[in-house]
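Some notes on the structure that comes next.
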Amino acid sequence: MSKVFISWYDGHNHNLANELLRLLEKHGFDIEHSPYSPHSGVYDARWNNWYEEGLPRAINQAEVFIAVITPACDGSTWMLQEYQEAYSSFLKTGRPRLYFIRFDPIDRQVKYPEYYLQNSIHLSSVPEEALH
């Protein structure tokens, strides 16, 4: 099944983001996600070499990239770097396919460059609909 990279800041603390993750796993998608935030209290060893090795490898292996936009994601500098890595790869190779899902108010500005979002497919904020 498809390899999916999920870029999220507080996904493990967000009910809809967790529901999306569960549905993707249930339907056989191979999931990789951002390291857990240091603020979460979870030690995630992937931070040791995330930008140099982990992120480029994860994006290179992914067929699908999903940016999960939540109210807290603007506090994340790594999500912007992950989107940049995925967008650059997409421009060079045509993959991963770029998607974003908003679990925040749509009228709120996000820090991503507009061309990232314009070149990505906007998924429904209802996880079951987004899966389709």
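The values are calculated or read from the model by the stated rules, or taken from the named source; none is laboratory data. Since the structure is predicted, the reported quantities are computational estimates derived from the model, not experimental observations. Methodologically, a virtual Cβ is constructed for each residue, glycine included, from the backbone with ideal geometry; neighbour enumeration extends over all protein chains shown. Accessible surface is based on the protein model in full, side chains and every heavy atom, while ligands, DNA and RNA are left aside. Shrake-Rupley method; radii C 1.70, N 1.55, O 1.52, S 1.80 Å.
A few comments on the model shown:
- Residues whose amide H comes within less than 5 Å of that of residue 121, counting only those at least five positions distant or on another chain, are 98, 99, 100 (H built at 1.01 Å from N in the peptide plane).
- Accessible solvent surface per residue of the chain, calculated while the other protein chains remain in place, 1.4 angstrom probe, Å²: 52 Å²
- Binned Cα-Cα distance frequencies in the chain - 10 Å width, integer %: 13, 48, 36, 4
- Taking other residues whose beta carbon is less than 13 angstrom from the beta carbon of residue 3, and scoring Lys, Arg as +1 and Asp, Glu as -1, yields -1.
- Per-residue ³J(HN,Hα) for the range 31-37, Karplus 6.51 cos²θ - 1.76 cosθ + 1.60, θ = phi - 60°, Hz, x for Gly and Pro: 9, 10, 9, 3, x, 5, 4
- Between the beta carbons of residue 122 and residue 49, assuming R0 = 41 Å, the FRET efficiency works out to 0.80 to the nearest 0.05.
- Across the range 59-126, the fraction of Cα-Cα pairs farther apart than 14 Å, rounded to a whole number, is 55%.
- Residue-count net charge about residue 50 - beta-carbon cut-off 14 Å; Lys, Arg +1, Asp, Glu -1: -4
- For a label point 7 Å along the Cα-to-beta-carbon line of residue 91, residues of the range 114-128 with backbone N under 14 Å: 114-120
- ³J(HN,Hα) computed for each position of the range 92-105 - Karplus, 6.51 cos²θ - 1.76 cosθ + 1.60, integer Hz, glycine/proline x: 7, 10, x, 8, x, 5, 9, 9, 9, 9, 10, 10, 9, x
- Pairwise centroid distance, computed over Cα atoms, of the range 10-45 with the range 96-132, Å: 17 Å
- Surface share of carbon and sulfur [accessible, 1.4 angstrom probe, percent] for the chain: 51 percent
- Zone residues, the range 70-96, relative to residue 13, backbone N less than 16 Å from point 7 Å out along Cα-to-Cβ: 70-79
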